[in-house]
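Q: One structure, pasted below without further comment.
The values are calculated or read from the model by the stated rules, or taken from the named source; none is laboratory data. The structure presented is a predicted model; accordingly, all values stated were derived computationally and were not measured. Here the Cβ positions follow ideal geometry from the backbone for every residue, glycine too, while neighbour counts run over all protein chains shown. Heavy atoms of the whole protein, side chains included, go into the accessibility calculation; ligands, DNA and RNA do not. Shrake-Rupley method; radii C 1.70, N 1.55, O 1.52, S 1.80 Å.
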Amino acid sequence: MVAGRSNGVNGAGNMFPPPRYSDVPKSITISVADDEGGQLDVEIPLDEEIQDDPTELCDILENEKSATSTWVQVAVAYAKRKKIDVAIDVLSQAINVFSRARGEDRLSILNGLCWLYLLKCREAPRVRPADAPAETKLKEFYVQAATSVLNDASRISPSHPPLFLARGVLYLFKASLQGPATAAGSTVSPERMETLKQAAKCFEDALRASGGRNLMAKMGKARVHYSMGKWADALKGYQNILESSPDLIDPDPRIGIGCCFWQLGFKDDAASAWQRSLDLNPASKVALVLLGIYNLQLTASFHSTDPKFIELYKKATGEFIQPAMKLDNMFPLTCATVGGYLFYRRDFDKAEIVAKRAINLTDTNAIASDGWYLRAKKAHQEDNTADAADYYSKSDHARGGGERGFIPAKFGLAQMDVLMSNYDGAKFRLEKILQQSPTLEAQTLLGTLYAEDVFAAQNSKSTEDKSAELKKALKYLETVQSAWKDPKKKIIPDQSVLLNLARLYETDHPEKSLKCLEEVEQIEIEAIPDEDYPEGLEEGAQLTAALRELLPPQLLNNMGCFHFQAERYVRAQELFQVALSACVNAENRDETIDTDALVTSISYNLARTYEAEGVSNEAKEVYESLLKRHPDYVDARLRLTYMALRESPQDEGPRAIKELFKENEDNVEVRALYGWYVNKSKKKTNNFAADDEQRLYKHTLQKSDKHDRYSLMGMGNIHLAIAREMPRSSEQEKEKRRKGYERAVEFFDKVLQLDPKNAYAAQGIAIALVEDKKDYSTALQIFTKVKETLKDHSVFVNLGHTYCEIKQYARAIENYEAALSKNRHNDPKILACLGRTWYLRARHERTIAGFRTALDYSKQALNVTPSDLNSQFNVAFLQFQIAQNIYNLSEQQRTLQEVDDATQGLMDAIEALEKIAKEETPPFPRADITSRANMGRNTMVKQLERARDKQVTYEGENASKLDQARRLREAEVRRREEEKQRVEAEALERKRKLLEEQERIILRDRELMEKRGDEERRRMEEDEDRELRKAERKARGPKGPKRKKKDADSDTEGLVSEDDEPRSRRRRTSASGTEGLTDEERPREKKKRKLARKSEPTGKFKSAEFIDDDSDDDADLPARDTDKADAQLASEDEGAAAAAPRPRKARVVDDEDDDEDDGIAAPKANGDVAMDDDEDE
């Protein structure tokens, strides 16, 4: 600190600028009066031996009326020894002593006192610590004191130059203590911006007063630009200071340059600037801590387990942060940075100590924010939710809060809301954070919160619509997942995100859910330590299978369930078996883990897989083993009973289901299976009240669970089946039937209210729409959506029925065949539907092939159920239809074999109908069936006999024609084949010729290129030879003027002599019409190049055509022309008169030497002017 220097200009001493406190001597000498009235010189030390109490020293200075410079010098000496309070006392007494002195003397004291207050302001706490005494003065006190001193000095001389700098620094202090901007997009608050503008004005005044030489004013101006967020302007200011004063290290503009680079995004350049500052001043605590922050920032690109992370972290802390702390453990930036390091080491108490220092001592809002954030993290770690929320809030507000603020602190507040179960508040905060910056942490937490809402609704079986929450959860979590794929971000995948996504995908996208679980599996495998790897196995499937046994069994079980749902039973079986082994390994690793429940669930899933694969014995063994361990495991008994019902529907199955129902009558699952059994075994009735199945469902809904969806579905199906069979001959019957459908729809709608995604209920409503309302379009939409979720043959059957009703037979057949592929290859009902649809299609398209296909499917249905009268009738009916259609065809459209087949089929049909008519309950009235059989025997058989006779006659008469047509067809086929071969051969020949032509062209081009290369080399040799000759001519120099005879032929003009000039001038003047003009008035001739014409003989010089030197045509001439011609000076026939009286011999001027020879002219005579370049015109 330098006080009282004229104009505030730095630069005393040998070094520029001088070191801080460099002008403080080790001691001063003061003359005091002795007892005898003489003078005695007293030496007062100002170094380490300076008095702690300045009272005696001040008395001496006052009594001896020392100059103001001495008082200031003593105060600066105390300040140098970090005794700022003592220095302030010295200057305060000096003010009292010089209260009536000249204004200039008091100004130096006031200026020094202001700087001491500013220095004390930097060291004072911003807020009073909890353990500090009440008289502790804060920064605000010293700012007010400095302001008061400056005001006193300004009253003496407002324009005193040193005051400008002090006032600018004071405004900077005030700006740093003002609040940050709160509006989005604003970096500086309006109040702070106004204060910074005042500081900038003060620094401008200081620069103007010093003639632009005040370095500290320049530094202050750059600092103002930096505080305003004008990083580029600040960088330019710091760089100008460094250029003018490269030795300046205290303060160091390199620190400011690095900070500007950092804000502009050039962080490596910032580190270089700070490193240079540290090289010049190894004791720079600012450079040390900034370099530590830079290295800590580099660690953000690596995971904490990465060796590079550890290396950079050790470098940051060991080489930079700890040395900075040793230099000054009260420096706020160092304290804030060290606090993060201590928190990483989990030394929370020490971290809070340095965090408090950073908060109390700093004059920068961002550092205070970091201190509060460290305290909040400590409170968060200690589960002190209230304090953590308070500190997070203070950290956020220290950086502006609201739409700006500190994002980590905002995220911490959201975490506190979650811990306090204020989920809506947490979502609101996280949404605000994402509007400010799309951080992955905020997206992860927000996505998880929305996912928990969805899971809670699922667990409580709530009917509330959570589709919006599901969509938001997927949006945020998928964004996080996609960020992992960016290699530049180096983000480690989070298992919790994948598991939440798997649960969210489970219902609508099971394949995506399985993929997420597989990613979790891979993460778990990669996390297995090397010492746990099995020995003797190389990389491959065996090693992966062995490692899976070390994974969590819950994960393997869930993966197996997804494979089971996708009907990949082999893969599901493998995973369930590995999961069982994983349970054993988990129990061996940790005996406290209870794996019994896991083993039970996984074993049950394995048995279900065996059952689906058709391995009934294995499934029964697993179910029975489960029942031995847990006799009350009803699910296992249910599956065993179901298997018994499928295998022995008449004996063991009914006995087992009745026993199970008797023992577990209140179990809704048991009641559901019993209802299924009653449905299969009951007698069909149209009396709803007498139906045993509906009584069971009604009892379940009344006594067990009124929301049992299976019972509600069963009731709806019963009403649907009864309504379908109701007669509809009268309006009363139709109304009753309609009400039956409406009652069925009511039950289905109730199920959908309980389970909006119940495909069976939706399908029931669609069936009712088709059968009652004939609303095929709406039904098709429902069936199509149901098909996407319900993998059951019934959906495709219903789709087939609907398409058949609207006469889209092709799509109906497609859906029936899809239903067959669902393990229903021998389902007689689906086969009968296919036969009926093909019959309708054949009748619509009038094709015999369609009737035959219909007959094939009907025969397949009959083979499955040979005793079924409906199937027998269908086959006979189709055989009748084929016979009738064959008879109706003309001889040209049928063959004798087809007629014979139709006759045989008709005979079989007649026999089948006669047999059906004799049955007890034929499918149609017995008289109708008998009548159709008689018609076939009496009429259609005879018709087919006549048709056969006609077909035999037709084919006999047309045999030769048919043979001839066959030969013609074969000949035509051969001709076409030969034509095709000929065309292919011609194409190959053209291709071959084209290739030969291309090779010839390539060869010719190669020869031309070689020839051109030879010519180019020859031309270059000629150019080199010509250059060599020119060099030789230049070396010889210009020849002297020579006379030539008048009649001598020459291609050049001579330089005129003095004797020849009058005659030439007269002759040239009369010719040109410029007589009487002086040499200066007469226009000068241009230099011309003379190009030879092909018709003219070539002399010594090859050019005979004039080319202006100042034209650009020289550059456009072909190379071969310019290389052949050498230029010479000549006069133009139609041009202006020349200065020379008669032709004179001139030296030869080459093309390339025009510029060099400009200005060389003939000797002057009689005031003649030598010829210059054209640019003189």
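Q: Mind checking which helices (runs of 4 or more DSSP H) fall wholly inside the stretch 876-995 and carry at least 1 residues that are open to solvent by 40 Å² or more (accessible area, probe 1.4 Å), in contact (Cβ under 8 Å) with a residue 12 or more places away in the chain and of a type in the set (A, V, I, L, M, F, W, C)?
A: Answer list for the stretch 876-995: 896-917, 941-957.
Q: Another one. Quick check: is even one residue across the stretch 804-819 within 18 Å of Gly764 (Cβ to Cβ) and not in a helix (DSSP H, G or I)?
A: Within the stretch 804-819, none of the residues are within 18 Å of Gly764 (Cβ to Cβ) and not in a helix (DSSP H, G or I).
Q: Can you name the residue in the stretch 614-650 that is over 15 Å from Ile602 (Cα atoms) and open to solvent by 90 Å² or more (accessible area, probe 1.4 Å) and, of all such residues, is modelled with the lowest pLDDT?
A: Among those residues, the one meeting the criterion is Gln650.
Q: Also, quick follow-up: So which of Pro158, Pro133 is assigned to a loop (DSSP other than H, G, I, E, B), open to solvent by 40 Å² or more (accessible area, probe 1.4 Å) and at pLDDT 85 or above? Even if it seems obvious, please write down each step before you answer.
A: Working: Pro133 fails: at pLDDT 85 or above.
One residue alone meets the criteria, Pro158.
Q: Of all residues in the stretch 574-608, count the ones that are open to solvent by less than 40 Å² (accessible area, probe 1.4 Å), in contact with a His (Cβ under 9 Å, 6 or more places away or on another chain) and more than 18 Å from Ser513 (Cβ to Cβ).
A: Counting residues in the stretch 574-608 that are open to solvent by less than 40 Å² (accessible area, probe 1.4 Å), in contact with a His (Cβ under 9 Å, 6 or more places away or on another chain) and more than 18 Å from Ser513 (Cβ to Cβ) gives 1.
Q: Lys774 versus (1) surrounded by 18 or more Cβ atoms within 10 Å (Cβ to Cβ); (2) on the phi > 0 side of the Ramachandran plot; (3) not aliphatic (A, V, I, L, M): which is the lone unmet condition?
A: (1)
Q: Next up: Whether any residue in the stretch 317-337 is aromatic (Phe, Trp, Tyr), under 30 Å from Leu119 (Cα atoms), assigned to a loop (DSSP other than H, G, I, E, B) and open to solvent by 40 Å² or more (accessible area, probe 1.4 Å) is what I want to check.
A: yes
Q: Still on this structure, I have one more. Got at least one residue in the stretch 369-382 being open to solvent by less than 20 Å² (accessible area, probe 1.4 Å) and either polar (S, T, N, Q) or modelled with pLDDT under 90 (or both)?
A: Yes, that holds for at least one residue.
Q: Could you figure out which of (1) of a type outside the set (A, V, I, L, M, F, W, C); (2) open to solvent by 30 Å² or more (accessible area, probe 1.4 Å); (3) in contact (Cβ under 8 Å) with a residue 12 or more places away in the chain isn't true of Ser210?
A: Answer for Ser210: the failing condition is (2).
Q: To continue, here is another question. I'm trying to understand the selection: among the residues of the stretch 679-720, which are open to solvent by less than 80 Å² (accessible area, probe 1.4 Å) and hydroxyl-bearing (Ser, Thr, Tyr)?
A: Listed by number, the residues that qualify are Ser681, Thr685, Tyr697, Thr700, Ser704, Ser711.
Q: Among residues belonging to the stretch 385-413 that are under 24 Å from Thr187 (Cα atoms) and among the hydrophobic types (A, V, I, L, M, F, W, C), point out the one that is least open to solvent (accessible area, probe 1.4 Å). Break it down stepwise before answering.
A: So in the stretch 385-413, the residues under 24 Å from Thr187 (Cα atoms) come out as 391-413.
Narrowing the set further to residues that are among the hydrophobic types (A, V, I, L, M, F, W, C) leaves 398, 406-407, 409, 411, 413.
Values: Ala398: 19, Phe406: 36, Ile407: 36, Ala409: 0, Phe411: 41, Leu413: 16 Å².
Ranking the qualifying residues of the stretch 385-413, first place goes to Ala409.
Q: Give the residues of the stretch 469-480 that are open to solvent by 30 Å² or more (accessible area, probe 1.4 Å) and under 15 Å from the mean Cα position of the chain (by Cα), sorted by residue number.
A: Lys475, Glu478, Thr479
Quick grid of which residues meet (1) touching a Phe, Trp or Tyr at 6+ places or on another chain (Cβ under 8 Å); (2) more than 30 Å from Ser890 (Cβ to Cβ); (3) open to solvent by 50 Å² or more (accessible area, probe 1.4 Å):
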{"position": "Gln781", "(1), (2), (3)": "no, yes, yes"}
{"position": "Glu805", "(1), (2), (3)": "yes, yes, yes"}
{"position": "Tyr816", "(1), (2), (3)": "yes, yes, no"}
{"position": "Arg824", "(1), (2), (3)": "no, yes, yes"}
{"position": "Ala842", "(1), (2), (3)": "yes, no, no"}
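Q: Considering only the stretch 336-368, state which residues are among the polar types (S, T, N, Q) and modelled with pLDDT under 90.
A: Asn360, Thr362, Thr364, Asn365
Q: Please identify the pairs in which a residue from the stretch 236-248 that is more than 10 Å from Ala222 (Cβ to Cβ) has its Cβ atom under 6 Å from the Cβ atom of a residue that is at pLDDT below 90 and surrounded by 15 or more Cβ atoms within 10 Å (Cβ to Cβ), counting only partners at least 6 apart or on another chain.
A: Listed by first residue and then by second, the contacts come to Ser245/Leu215; Leu248/Pro17.
Q: Of all the residues that make up the stretch 82-104, how many are within 60 Å of the chain's Cα centre (by Cα) and either of a type in the set (A, V, I, L, M, F, W, C) or open to solvent by less than 30 Å² (accessible area, probe 1.4 Å) (or both)?
A: Total meeting the criteria: 3.
Q: Pairs please, first residue from the stretch 499-510 and closer than 14 Å to Tyr476 by Cβ and in the same structural domain as Glu469 (by the TED database), second anywhere and of a type in the set (A, V, I, L, M) and open to solvent by 20 Å² or more (accessible area, probe 1.4 Å), Cβ atoms under 9 Å, 6+ apart in sequence or on different chains.
A: Matching pairs, first to second residue: Leu501/Leu474; Leu504/Leu470; Leu504/Leu474.
Q: Going through the stretch 482-532 one residue at a time, which ones are open to solvent by less than 70 Å² (accessible area, probe 1.4 Å), assigned to a loop (DSSP other than H, G, I, E, B) and over 18 Å from Thr305 (Cβ atoms)? Spell out how you get there, then give the answer.
A: Here is the first cut: in the stretch 482-532, the ones open to solvent by less than 70 Å² (accessible area, probe 1.4 Å) are 482-484, 486, 491, 493-498, 500-502, 504-505, 510, 513-514, 516-517, 519-521, 523-525, 528-529.
Now drop any that are not assigned to a loop (DSSP other than H, G, I, E, B), which leaves 486, 491, 493-494, 528-529.
Passing the criteria: only Asp486.
Q: Please enumerate the residues belonging to the stretch 996-1008 that are open to solvent by 90 Å² or more (accessible area, probe 1.4 Å) and of a type in the set (Asp, Glu).
A: Within the stretch 996-1008, Glu996, Glu999, Glu1007 qualify.
Q: Which condition from (1) closer than 21 Å to Thr700 by Cα; (2) not in a helix (DSSP H, G or I) is the one that Glu669 breaks?
A: With respect to (1) closer than 21 Å to Thr700 by Cα; (2) not in a helix (DSSP H, G or I), Glu669 is out only on (2).
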